[in-house]
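Heads up, the thing below is written out as structure tokens.
The values are calculated or read from the model by the stated rules, or taken from the named source; none is laboratory data. Bear in mind that the values here come from a model prediction, so they are computed numbers and not experimental data. Cβ: placed from backbone, ideal geometry, glycine included. Neighbour counts: every protein chain shown.
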Amino acid sequence: MATAKWFEKDGTEKGTRELPDSLFGCEVNEHAVHEAVVAYLANQRQGAASAKGRSEIAGGGGKPYRQKGTGRARAGTIRSPIWRGGGVVFGPHPRDYRINLPKKVKRLALRSALSARAKEGSVMLISDLDYTEPKTKMFASLLKNMDSHQQKILFVIDKTNVAVVKSARNIPGVKVVLGSMLTTYDVVWAEKVILTESAVKVMEEVFKSE
């Protein structure tokens, strides 16, 4: 069973805790992780790029000048792709880049990513934060005490806490997400994954219910 360092809410190390095998004890499937990351990035694309072909450009209905005697190259329309302002050859058109992965593959990828981070020693547990107002200075001090400052940090909480989100918002490289909304890309992106104790329970419930 994988273990992780356990910290108090002020960043004081209290020892180690065992991580649930259902989330962190999976054999790493790199292919599933790759599929999930590619799908996530593809799904972020708008797919709105568009260019007009020669048949869509306005004007150019008539021959711009006579065939012979001008000394210029022959031309039949101003909409030709070789003319400035003409149509685009094989230009982009709006399309849907979305990739739908089976739920089993998504879950396998997330467990694989979490397991890989746990084996690296990059997963840490922390007591639930009870912030009632934004405290960026305190949050930054917490990360420093955990030796996790100046890194890409994924901070996973169990439920929306505006105070925690705002406390981390102005610290570069820190992302706060809900345990129920965690993605494989988030875990792969981060150098350190910090989870509150309640967040781990929420994630276990999510996996049990599916």
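The set of residues in region 147-156 that are surrounded by fewer than 22 Cβ atoms within 10 Å (Cβ to Cβ) and within 12 Å of VAL193 (Cβ to Cβ) comprises GLN151, LYS152. Of the residues making up region 159-184, those that are more than 19 Å from the chain's Cα centre (by Cα) and assigned to a loop (DSSP other than H, G, I, E, B) are LYS159, ASN161.
The condition (being more than 30 Å from ARG45 (Cβ to Cβ), in contact (Cβ under 8 Å) with a residue 60 or more places away in the chain, part of a loop (DSSP other than H, G, I, E, B) and over 17 Å from the mean Cα position of the chain (by Cα)) is satisfied by just one residue among LEU129, LEU142: LEU129.
Before we move on, is VAL89 more than 19 Å from the chain's Cα centre (by Cα), among the hydrophobic types (A, V, I, L, M, F, W, C) and under 30 Å from VAL38 (Cα atoms)?
The answer is yes for VAL89.
Quick one: how many residues across region 175-194 are touching a Phe, Trp or Tyr at 6+ places or on another chain (Cβ under 8 Å) and buried (at least 22 other Cβ atoms within 10 Å of the Cβ)? So the answer is 2. Flag: ARG79 matches the condition of being buried (at least 19 other Cβ atoms within 10 Å of the Cβ), among the charged types (D, E, K, R), part of a loop (DSSP other than H, G, I, E, B) and on the phi < 0 side of the Ramachandran plot. In the set GLY15, GLY62, GLY11, only one residue is exposed (fewer than 12 other Cβ atoms within 10 Å of the Cβ), part of a loop (DSSP other than H, G, I, E, B) and not aliphatic (A, V, I, L, M); that residue is GLY62.
How about region 1-16: which of its residues are in contact with a Lys or Arg (Cβ under 9 Å, 6 or more places away or on another chain) and within 19 Å of ALA116 (Cβ to Cβ)? Residues satisfying the conditions are ALA2, THR3, ALA4, LYS5, THR16. Every listed requirement among (1) surrounded by 14 or more Cβ atoms within 10 Å (Cβ to Cβ); (2) over 44 Å from the mean Cα position of the chain (by Cα); (3) among the basic types (Lys, Arg) is met by ARG72 save one, (1).
GLU197 meets the conditions (1) more than 20 Å from GLU8 (Cβ to Cβ); (2) modelled with pLDDT of 90 or more in every case but one. The failed one is (1).
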